[in-house]
1. Among the listed residues C:108, C:86, C:95, identify the single one that is more than 7 Å from chain A (Cβ to nearest Cβ) and modelled with pLDDT of 95 or more.
2. Only residues in the range A:42-54 that are surrounded by fewer than 14 Cβ atoms within 10 Å (Cβ to Cβ) count as the first member; pair them with residues that are outside any helix (DSSP H, G or I), Cβ under 9 angstrom, at least 6 apart or cross-chain, and list the lot.
3. Inspect the range A:156-171 for any residue being small (Gly, Ala, Ser) and touching a Pro at 6+ places or on another chain (Cβ under 8 Å) and give the result as yes or no.
4. If only one of C:316, C:305, C:357 is among the charged types (D, E, K, R), out of contact with any helix residue (DSSP H, G or I) (no Cβ under 9 Å at 6 or more places or on another chain) and either in contact (Cβ under 8 Å) with a residue 24 or more places away in the chain or surrounded by 20 or more Cβ atoms within 10 Å (Cβ to Cβ) (or both), which one is it?
5. Could you look through the range C:411-467, keep only residues that are within 11 Å of another protein chain (Cβ to nearest Cβ) and of a type in the set (Gly, Ala, Ser), and pick out the one that is nearest to residue B:64 (Cα to Cα)?
6. Among the candidates C:239, C:277, which residue alone is within 10 Å of another protein chain (Cβ to nearest Cβ) and of a type in the set (A, V, I, L, M)?
7. Could you tell me which residue of the range B:1-10 is farthest from residue B:44 (Cα to Cα), considering only residues that are touching a Pro at 6+ places or on another chain (Cβ under 9 Å) and of a type outside the set (Gly, Ala, Ser)?
8. Scanning the range C:111-136 for residues that are within 16 Å of residue C:240 (Cα to Cα) and more than 8 Å from chain A (Cβ to nearest Cβ), which turns out farthest from the chain's Cα centre (by Cα)?
Amino acid sequence: MSYVPSTPAQRQEMLRAVGVEDYRELYRDVPEEMLLDRALDLPSAMSELEVSRAVSAMAAKNTQFSTILRGAGAYDHYIPAVVKSIPAKEEFLTAYTPYQAEMSQGVLQSIFEYQTMICELTGMEVSNASVYDGATAAAEAAAMCRSRKRRVTLISGAAHPDVINTVRTYCYGTGDELRVVPVKDGKTDMDALREMLTADVASFYVQQPNFFGLLEDADALGEAVHAAGALFVMGCNPISLGVLKTPRDCGADVAVGEGQPLGLPLGFGGPYLGFMATTMKNSRQLPGRIVGQTVDAKGERCYVLTLQAREQHIRREKASSNICSNEALCALTASVYLACMGPAGLKEAAEQCMAKAHYLMRGLTALEGVELVYPGPFFHEFVTTLPRQEEVLSALEAKGILGGLPVEGGILWCATEKQSKAELDQAIAVVKEVLAK
Amino acid sequence: MNYPSELQYSRDHEWLRMEDGVAVIGISDFAQSELGDVVFVNLPEVCDEATAGEPFGDVESVKAVSDLVCPVTGTVCEVNEELLDAPEKLNEDPYGTWIIKVENVTDTEELLSAEQYEAECTH
Amino acid sequence: MKLIFEKSVPGRHCDLLPQCDVEKAELPESFRRDTPPALPELSEVDLSRHYTELNHRVHGVNCGFYPLGSCTMKYNPRIDEDLAALPGFAGVHPLAGAENVKGCREVLDTAAKYLCEITGMEGMTFQPAAGAHGEFTGVLLIKQYHRKRGDNARRKIIVPDSAHGTNPATAAMCGFEVVNIPSAPDGCVDLEALKAGLGEDTAGLMLTNPNTVGLFDENILEITRLVHEAGGLCYYDGANLNAVMGVVRPGDMGFDCIHMNLHKTFATPHGGGGPGACAVGCKGFLKEFLPASALMDEPGHIQVRAFAGNFLVVVRALSYLLTLGREGIPEAAQNAVLNANYLMRKIQGSFEPAFDRICMHEFVLDLSGYKKETGVSALDVAKSLIDYGMHPPTMYFPMIVHEALMLEPTETESKETLDWAAQIFRELYELGKKDPEFMHNAPHLAQIARPDEVRAARQPVLRWQKP
């Protein structure tokens, strides 16, 4: 089964039309000694039902948790039914990049709407059509901020470790330096940052809320960064922007983030969505596809890929990024999510995330030996100490609960709007039971 | 196609006019016509060093980008920032629209007269 | 049609969340946003109809012929969608414990094993999210390899001028100087130009084979040998793997590392621009340089994005691999090549191929003569195809052919579709001679007439603004 529709008789007819005897002759340019002289060491072709059985059996080997109290960059939110059904439509699903505007207005308009929603969320003026994920968005932001004279990138040590590692890898690529700003009490060390803001620093990246769930004093960080003549990049949780001050209001020059919370399943890490937005002034440095509004030959409003001369297919080795494919369908998913939540729904989701996380924190820290590790306001994640970690996490697993993530100093817990009070109570009870033993 | 005789030209299709020791540089009518509709101009900064034969910026059309090659070596003393908002001026009036001015000129490429340049373009 | 924001009615909403059953937490005022984002306010009906209307203005490969050269637009099987949506995959947290994700690991390990076999490689990662991202990963393997040996003088990557734009852009992102070498007239590597470009500063060569005009470079063993002799490594851009999978392996051609676009060769949908997914394979000596995730594996490795990559896309690709199996993989390649040759011969006699010989999975039409004769350009022909419900081929690529139209029909098109497509090309060929003006103004029946791209770029309007 290879989805080849032509019948054997048709294939013979076509070979004749091409003027060859057999398939071998089609590969006449391939040197004989290089041709694979055996069948591939793969299983034999399967029917759809067999494939379904084989792959479903693999899925069954994973544990499905009914309650997930782990975040750390991937968040378990409620995904409305319509957010799943719309991006599954055959046309959206199976189109390529909208190179031909006359045939792709649906994709182009959906991206234009997505760009607008990201601008609304972040308070920025220009958004691109997406990049791969939050970590690559941070790396691309660092690259777009560099200039001939300012080459060094600073990143807060309280950012997600995967983000730090990814930015480091991109810097390794171009041969530029990344310096990690130390953490103090779970947050970016402001004094250390001030010292590190030398004249060669291009940008500083802070994550809000940070890896430990804490809210950083973004305004003050931004002021320090600007005072040193560098650019301020904020990595944001998009759900939190339902209630949190926008990156623009915090002074950010570039706002990026992981869009997964906006209706994308956990999916063992992907596909996710990197969003990126900036000010009009920096718009030409923004990498990736951008959709713009224009008119057609009849004067009707329409949409096209624009500002393309920044991109790799035109600039080649002089392009600042090589990005080509992005995460368009994930951007569509995020748009549908934001549209069905609306301003009130997004605020409600954000408030419930905060409420549930604080409820969980109060319940856990009421237990003997469980203490909040870092002071200060947090959004929907927090770190506690936890005695007998492994035992507690296994006991939770046995009840279908994925507990928090072990990190340095304790456990990083997360709660979202998806967990009911009863689920949180149950988790707290399990922890209590183990600790009481 | 227009080739004003009071200007000098480079083989990379820039025109040059000296004004009190300062080189005023733009692109030729031929260049703008080859490029098509110019949509953006990437300009250098004032005080940047420019080198004869090296790019000092580029011009973008919808589907292409072309380097602007400096015909002289010197220091950029002025850039035409009007082009950032109105790149179409390069199409509409290529000889009335300068791009950069360069002072302290120490070296100049071999330049062509209008006649020589026209011969080069129509070759 | 209206934008979603123009359909918004204040106060309208979808009922999605229950009342909060715990006490709300107070956010300190200095952290609070002052105005809510102006997201649209809609009912679910509004929403559903808006996106259905948009969806009707999209052409996907599952809707009709899509011969977009170098993009391998083959049919995307529905079973792959079903399996990727299984809660046992979709609901898995990337940082769940190893005991809880055995199924995901099996998917990745199995897919890696099969793809190693298909490519002749020994190590494989799925972390990169797309083809260009895979190129970045692969060229970083080369960089790490030279660095580890202390061979820091290798600063140059050789790229033929017929290459995809991502190749030179990638080399630059990896800190290498790009040496563009001219292609021979047939788009194959010019061996003399290659020799002249090689030296002690060569880090590697990036190459697509079959190349970007759809021809298999018969000197490939000589090419990789020359690069290795000079101390460089060979990178295989797998964009065109669909032509040769199961027939000849990049590892046997002498390549050291490779990327594959799962959304091309392995039939995962492209979603209007992404997500793709990419597998990067390498020979054993490069395995130690493959990327890992800071939180999922030991640190110290390069990492190109968070977690383990676009996992749910890998599930789709694995389903496809299992479906085709050892028989179907070469069958797909052979029929991709057959379909391309058949379509080329059927069109020939009107528009002419740039290279009149057996092609691989795609071919390039050269319309420069036709344009001289009629004034009708490759763009005009491409736009005219839209009126017939056919997605245009790739235009003006590769740059070594003028007025190029590059067609890749893939193996999932039937003879009838190819006959229909060829007939349309032939009709347009005649039409352009009779009525060039009509074709300059095409399309006539599409969603929109030709857009003003100059205006879009000169006066960018990149978001909707409240009137």
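The values are calculated or read from the model by the stated rules, or taken from the named source; none is laboratory data. Nothing here was measured: the structure is a model prediction, and the numbers come from that model. Cβ placement follows ideal geometry from the backbone for every residue including glycine, while neighbour counts extend to all protein chains displayed.
1. Criteria check complete, one pass: C:108.
2. Cβ pairs passing all conditions: A:47/A:1; A:53/A:46.
3. So far as the range A:156-171 goes, yes, one or more of its residues are small (Gly, Ala, Ser) and touching a Pro at 6+ places or on another chain (Cβ under 8 Å).
4. So the residue among C:316, C:305, C:357 that is among the charged types (D, E, K, R), out of contact with any helix residue (DSSP H, G or I) (no Cβ under 9 Å at 6 or more places or on another chain) and either in contact (Cβ under 8 Å) with a residue 24 or more places away in the chain or surrounded by 20 or more Cβ atoms within 10 Å (Cβ to Cβ) (or both) is C:357.
5. Taking the range C:411-467 and keeping what is within 11 Å of another protein chain (Cβ to nearest Cβ), we get C:411-419, C:422, C:440-466.
Applying the additional criterion that residues be of a type in the set (Gly, Ala, Ser) yields C:414, C:422, C:442, C:446, C:449, C:456-457.
Values: C:414: 37, C:422: 31, C:442: 23, C:446: 26, C:449: 23, C:456: 15, C:457: 12 Å.
So, considering only residues that are within 11 Å of another protein chain (Cβ to nearest Cβ) and of a type in the set (Gly, Ala, Ser), the one nearest to residue B:64 (Cα to Cα) is C:457.
6. Working: C:239 fails: within 10 Å of another protein chain (Cβ to nearest Cβ).
Exactly one of C:239, C:277 is within 10 Å of another protein chain (Cβ to nearest Cβ) and of a type in the set (A, V, I, L, M), namely C:277.
7. Within the range B:1-10, the match that is farthest from residue B:44 (Cα to Cα) is B:2.
8. Step one: of the range C:111-136, the residues within 16 Å of residue C:240 (Cα to Cα) are C:115, C:118-120, C:130-132, C:134-135.
Retained after the next criterion (residues that are more than 8 Å from chain A (Cβ to nearest Cβ)): C:115, C:119-120, C:134.
On the way: C:115: 17, C:119: 18, C:120: 21, C:134: 11 Å.
Once the filter is applied, the top-ranked residue is C:120.
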